[in-house]
1. Among the acidic types (D, E), over 30 Å from K148 (Cβ atoms) and at pLDDT 95 or above: does that describe D250?
2. Give the residue that is most open to solvent (accessible area, probe 1.4 Å), with candidates limited to residues of segment 173-199 that are closer than 17 Å to S5 by Cβ and touching an Asp or Glu at 6+ places or on another chain (Cβ under 8 Å).
3. Just to be sure before I move on: is I279 among the aliphatic types (A, V, I, L, M), under 21 Å from F196 (Cα atoms) and either without any contact (Cβ under 8 Å) to a residue 60 or more places away in the chain or open to solvent by 10 Å² or more (accessible area, probe 1.4 Å) (or both) in the structure I sent?
4. Which residue pairs have Cβ atoms under 9 Å apart, sit 6 or more places apart or on different chains, and have a first residue in segment 84-95 that is closer than 12 Å to F214 by Cα and a second that is of a type in the set (S, T, Y) and part of a loop (DSSP other than H, G, I, E, B)?
5. Looking at segment 70-86, which of the residues that are touching a helix residue (DSSP H, G or I) at 6+ places or on another chain (Cβ under 7 Å) and either among the aromatic types (F, W, Y) or open to solvent by 60 Å² or more (accessible area, probe 1.4 Å) (or both) is farthest from V36 (Cα to Cα)?
6. Checking N67 against (1) surrounded by fewer than 20 Cβ atoms within 10 Å (Cβ to Cβ); (2) in contact (Cβ under 8 Å) with a residue 40 or more places away in the chain; (3) part of a helix (DSSP H, G or I); (4) not aromatic (F, W, Y), which single condition isn't satisfied?
7. Given the residues S265, S170, which is the only one that is in contact (Cβ under 8 Å) with a residue 60 or more places away in the chain and at negative phi?
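The values are calculated or read from the model by the stated rules, or taken from the named source; none is laboratory data. Because the structure is predicted, anything quoted here is derived from the model rather than measured. Glycine also receives a Cβ, built like all others from the backbone with ideal geometry; neighbour counts cover every protein chain displayed. Note: accessible area is taken over every heavy atom of the protein model, side chains too, but ligands, DNA and RNA are not part of it. Shrake-Rupley method; radii C 1.70, N 1.55, O 1.52, S 1.80 Å.
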Amino acid sequence: MKLLSVAIPCYNSENYMEHCIQTLLTGGEEVEILIVDDGSTKDRTSEIADAYAEKYPGICRAIHQENGGHGEAVNAGLRNATGTFFKVVDSDDWVNEEAYQQILSVLRQYQEPESEENALDMLVSNFVYEKQGAKRKKVMNYRTAFPKNELFGWEDVRFFMKGQYILMHSVIYRTSMLRECGLELPKHTFYVDNIFVYHPLPHVRKMYYLDVNFYRYFIGREDQSVNEKVMIGRIDQQLLVTRLMLDYYDVTKITPRKLRNYMISYLEIMMTISSMLAIQSDDPVNFQKKKELWQYLKKHNLPLFLRLRWGFLGQGVNLPGKGGRKIFSVCYKITRKFYGFN
C-alpha cells in the first residue's frame, strides 16, 4: 500500500499541470499521483497524463473519464486511491518540496497505528496564496487553533480567528475514513471543495497540525473559478453547494462542542459568501435568490437561522435597501484587500 495518494483533477490543464506533477514527484515511490483527465478536449492534457504514467509507472497513473466536473474528478481519484492517506492538489497549484518531506515523515508515523485511538484521520498544514502580481504572499496558518506536532482531538482545539478556515488546500485525510463517511461530490458543480472538507468533519477523531507552508494556492487567472466575476456568473452553483452543506447535518446537535462551533462557523461563511456574490452582482434576480436561501435556512433549521442571521456577518449581508448593500460592498472590498483573496 502506498503512503499517500494525490489526486490531480485536470481539465485542459496543459499550461500548468506539469509543474504541479513535478513538485509531487519529489515524494518518491511512497506516493501515488493520480492524474485525472476530466474529459479534456482542447489541449494535450490527456497526452501529458499518459506520458507521465509511462515514464513513472510506479508513481503516476493516468485516469481518463468523460467530463464530470471538479467533484467527479476528485471522486475518481478517491475510487482509485491505494494510499493510506489522500490529498487533492489542483492542477494549477503546487507543493513546497521541503515541506512535502516533512509531511511524508509525519504520515509515516501513522500509516500503521497501534490502535484506532491512535489513527490519524486528518493532517492539517498551512497554505500560501500565490496571488499573481502580489508582492506579499498571504499565508493561512492554524497556530491559534491547533497544538503543533502532536496527535490531538476536538477537545484540544483552541481558537479559530475570523477568516481562518480549514480548506481543501490545508488537509490530508485518511482514505478509509473518507470512504466510510460516504463522501461523494456532486457532478458538474464548482466549489465542491467546501463539501470535501466539511462533510468528513464529524468522522474525524484525531488530527495533527504541522506548521509548514506546504500547499501553494495559485490565484489570479481571469478564468479561474475563484475569480469574483466568474463566481457571480456561477452563483447558482455556490447556492447549491451551500444548501447541500446545510442539509448534511443538523449542526446544532453535533458533538463535541468545539466541532459543532467550527461547523456552524463554516456554514456562516458559506452563507456570507453566497449573499456577498448576490450583492456584488447588483442583480435583482440574485437579490431574490439570496432572500430565498435565508428563507430556506429559516424553514429547515430555525435555531441555526437565528444564530447565523443575527450574528455579525448575517446582519452585515442583510443590511436593508440599496444603502445597506453599498455599505456591505465597501466593507467587503476592504476585507478582500487585507486578506488578499480573489
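1. Yes: the conditions hold for D250.
2. Among those that are closer than 17 Å to S5 by Cβ and touching an Asp or Glu at 6+ places or on another chain (Cβ under 8 Å), it is R174.
3. For I279, the condition - among the aliphatic types (A, V, I, L, M), under 21 Å from F196 (Cα atoms) and either without any contact (Cβ under 8 Å) to a residue 60 or more places away in the chain or open to solvent by 10 Å² or more (accessible area, probe 1.4 Å) (or both) - is not met.
4. Qualifying pairs under 9 Å: D93/Y16; W94/Y16; V95/T26.
5. F85
6. (3)
7. Testing whether each residue is in contact (Cβ under 8 Å) with a residue 60 or more places away in the chain and at negative phi leaves just S265.
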